[in-house]
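The values are calculated or read from the model by the stated rules, or taken from the named source; none is laboratory data. All of these numbers come straight from a predicted model, not from anything done at the bench. With ideal geometry, Cβ positions are generated from the backbone for all residues, glycine too; neighbour counts draw on all protein chains shown. Remember, those area values only see protein heavy atoms, side chains included, never the ligands or the DNA or RNA. Shrake-Rupley method; radii C 1.70, N 1.55, O 1.52, S 1.80 Å.
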Amino acid sequence: MAPDGAAPVSPDVRHDAVVLAGGRATRLGGVPKPTVVLDGATLLDRALAATRDAGRTVVVGPDPVVPPGRQVLVTREDPPFGGPVAGLDAGLRALDRPSGPDAPPWVLVLAVDVPRAGDAVPLLRAAVARPGPGSDSDTTAADGAYLVRDGHAQWLVGLYRRDALRRALDGLAAAGGVAGLTGVPVRRLVAELSCVEVPDDDAVSADVDTWDDLRRLTVGLHTGSHTVVAAPTAPPGRTPMTDQTPPATPRSAEPGSSVLDRWVDALEAELGLPPRSVDVGAVLDLARDAAHQVARPAAPVTAYAVGYAAGLAAARGEASDALDRATSSALSWQDPGPGAVSVTETGAGS
């Protein structure tokens, strides 16, 4: 039976799920990817939402914060940071320990940093459910399927046969000797399998490797585009908090609006601002830079200061570049240390 609230899954594509969440996230300054928030939800929340049709789900990573109401297994590759193949082996072993002959024949494999993985799952299920050439079965003869975006294979957004995956992992572990699966490239694992490549024309496999990736994906959600798009630039004469001509309808009127959309709509109404006057993507980007480059408490304080400066400029009938200046300051910030006096050009001599 499918988990509570999940859509029924055809018996031929019943699956468990492995969410890989144990990388070092060096391009994010070491901030754990599962904890990164995109549009009001962590990347782990989004990955687990994509596994809602799975029989069981295991998260491979260090102490993940699982949202309330989700029953998931948690494990870690040994040694830690052994790479995605080692993590996948650990996840599959965790799923296999209490399983029996009725274990789902497929395993959904997702990297935690793919926010739209939920849109990928139907594509993968459809691909493995197609009859293979010359097959009398109602399922494909392939060992699995994965997405391909812009010519690049997205192996960690895939659906694989459990038995084929187990054989391939065991074979690579034996060949690796003492090192086992530590550091084994995913390419080598998939090379042991016969898989269907599924075109990802809508970029649902776009991942978050850098803070710029996070901003582009956030902006994509709020502009109604689900592809990775360039962040908008404020036209001359606009304040940084209102870098788009405000549409007449609030964000919450759109299908699929998030809790963040609804909160910002309510906040704009409470503060007497025009609908959509707050550039959510730019503010989140500023908060991220301040938290990362200065200190976590700097994020809300910096956003407040920029809003204050923009409001004063608007009262004078002037455009404000406060957001851009604050972002530049955060990115170039070097703490002078206790007792130092910081004097700006505008403050000098006043």
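Looking at T302, T327, which one is modelled with pLDDT of 80 or more and either part of a helix (DSSP H, G or I) or in contact with a helix residue (DSSP H, G or I) (Cβ under 6 Å, 6 or more places away or on another chain) (or both)? Quick ask: steps written out before the conclusion?
On the way: T327 fails: modelled with pLDDT of 80 or more.
Residue meeting the stated conditions: T302.
Return yes or no: is P300 touching a Lys or Arg at 6+ places or on another chain (Cβ under 9 Å) and not polar (S, T, N, Q)? Explain how you work it out, then say what you get.
Details: touching a Lys or Arg at 6+ places or on another chain (Cβ under 9 Å): no; not polar (S, T, N, Q): yes.
No; evaluated as a whole, the condition is false for this residue.
Considering only residues of segment 330-350 that are at pLDDT below 75 and either among the basic types (K, R) or under 20 Å from W211 (Cα atoms) (or both), which is surrounded by the most Cβ atoms within 10 Å (Cβ to Cβ)?
Restricting to residues being at pLDDT below 75 and either among the basic types (K, R) or under 20 Å from W211 (Cα atoms) (or both), the top hit is W333.
Within segment 255-302, how many residues are of a type outside the set (V, I, T) and under 22 Å from the mean Cα position of the chain (by Cα)? Lay out the reasoning, then the answer.
As a first pass, look at segment 255-302 and keep what is of a type outside the set (V, I, T): 255-258, 260-263, 265-277, 279, 281-282, 284-293, 295-300.
Next, from what is left, pick out any that are under 22 Å from the mean Cα position of the chain (by Cα): 255-258, 260-263, 279, 281-282, 284-293, 296, 299.
So the count comes out to 23.
Within segment 58-76, which residues are within 16 Å of L156 (Cα to Cα) and either among the aromatic types (F, W, Y) or part of a loop (DSSP other than H, G, I, E, B) (or both)?
G61
Let's see how each residue does on (1) touching a residue at least 60 places away in the same chain (Cβ under 8 Å); (2) under 23 Å from R166 (Cα atoms); (3) touching a Lys or Arg at 6+ places or on another chain (Cβ under 9 Å); (4) buried (at least 24 other Cβ atoms within 10 Å of the Cβ):
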| residue | (1), (2), (3), (4) |
| --- | --- |
| V18 | yes, yes, no, yes |
| R24 | no, no, no, no |
| L28 | yes, no, no, no |
| V31 | yes, no, no, no |
| P34 | yes, no, no, yes |
| L43 | yes, no, yes, yes |
| R46 | yes, no, yes, no |
| G55 | no, yes, yes, no |
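Return the pair list, or none, for Cβ contacts closer than 9 Å from residues in segment 168-195 that are without any contact (Cβ under 8 Å) to a residue 40 or more places away in the chain to residues that are part of a loop (DSSP other than H, G, I, E, B) and hydroxyl-bearing (S, T, Y), at least 6 apart or on different chains.
If the second residue must be part of a loop (DSSP other than H, G, I, E, B) and hydroxyl-bearing (S, T, Y), the pairs left are G176/T182.
Residue-wise test of (1) at pLDDT below 70; (2) outside any loop (DSSP other than H, G, I, E, B); (3) open to solvent by 50 Å² or more (accessible area, probe 1.4 Å); (4) out of contact with any Leu (no Cβ under 7 Å at 6 or more places or on another chain).
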position: T249; (1), (2), (3), (4): yes, no, yes, yes
position: E268; (1), (2), (3), (4): no, yes, no, yes
position: P275; (1), (2), (3), (4): no, no, yes, yes
position: V278; (1), (2), (3), (4): no, no, no, yes
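Within segment 297-305, can one find any residue that is in contact with a Leu (Cβ under 7 Å, 6 or more places away or on another chain) and open to solvent by 40 Å² or more (accessible area, probe 1.4 Å)?
First, the residues of segment 297-305 that are in contact with a Leu (Cβ under 7 Å, 6 or more places away or on another chain): 302-303.
Filter once more, so that each one left must be open to solvent by 40 Å² or more (accessible area, probe 1.4 Å): none.
Checked against the condition, which is being in contact with a Leu (Cβ under 7 Å, 6 or more places away or on another chain) and open to solvent by 40 Å² or more (accessible area, probe 1.4 Å), segment 297-305 yields no hits at all.
Of A310, A290, which residue is within 23 Å of D335 (Cα to Cα), in contact (Cβ under 8 Å) with a residue 12 or more places away in the chain and either open to solvent by 40 Å² or more (accessible area, probe 1.4 Å) or part of a helix (DSSP H, G or I) (or both)?
Details: A310 fails: within 23 Å of D335 (Cα to Cα).
Unique residue meeting the criteria: A290.
Would you check which residues across segment 255-278 are touching a strand residue (DSSP E or B) at 6+ places or on another chain (Cβ under 9 Å) and of a type in the set (G, A, S) and list them? So that I can check it myself, show each step before the final result.
Filtering segment 255-278 down to residues touching a strand residue (DSSP E or B) at 6+ places or on another chain (Cβ under 9 Å) leaves 258-260.
If the condition is that a residue be touching a strand residue (DSSP E or B) at 6+ places or on another chain (Cβ under 9 Å) and of a type in the set (G, A, S), then S258 is the only one that fits.
Given the criterion under 16 Å from P34 (Cα atoms), hydrophobic (A, V, I, L, M, F, W, C) and at pLDDT 95 or above, identify the matching residue among A111, A49.
Working: A49 fails: at pLDDT 95 or above.
Being under 16 Å from P34 (Cα atoms), hydrophobic (A, V, I, L, M, F, W, C) and at pLDDT 95 or above holds for just one of A111, A49, which is A111.
Kindly state which helices (runs of 4 or more DSSP H) lie completely within segment 101-217 and contain at least 2 residues that are among the charged types (D, E, K, R) and surrounded by fewer than 14 Cβ atoms within 10 Å (Cβ to Cβ). Spell out how you get there, then give the answer.
On the way: elements: 117-129, 162-175, 186-191.
Answer list for segment 101-217: 162-175.
Can you tell me which residue in segment 1-29 is farthest from the chain's Cα centre (by Cα), limited to those that are at pLDDT 55 or above and among the β-branched types (V, I, T)? Walk me through it before giving the result.
Taking segment 1-29 and keeping what is at pLDDT 55 or above, we get 12-29.
Remaining after also requiring among the β-branched types (V, I, T): 13, 18-19, 26.
On the way: V13: 25, V18: 15, V19: 12, T26: 15 Å.
The residue in question is V13.
Quick one: is A49 touching a helix residue (DSSP H, G or I) at 6+ places or on another chain (Cβ under 8 Å), small (G, A, S) and within 21 Å of D207 (Cα to Cα)? Let's see the steps before the verdict.
On the way: touching a helix residue (DSSP H, G or I) at 6+ places or on another chain (Cβ under 8 Å): yes; small (G, A, S): yes; within 21 Å of D207 (Cα to Cα): yes.
It is true that A49 is touching a helix residue (DSSP H, G or I) at 6+ places or on another chain (Cβ under 8 Å), small (G, A, S) and within 21 Å of D207 (Cα to Cα).
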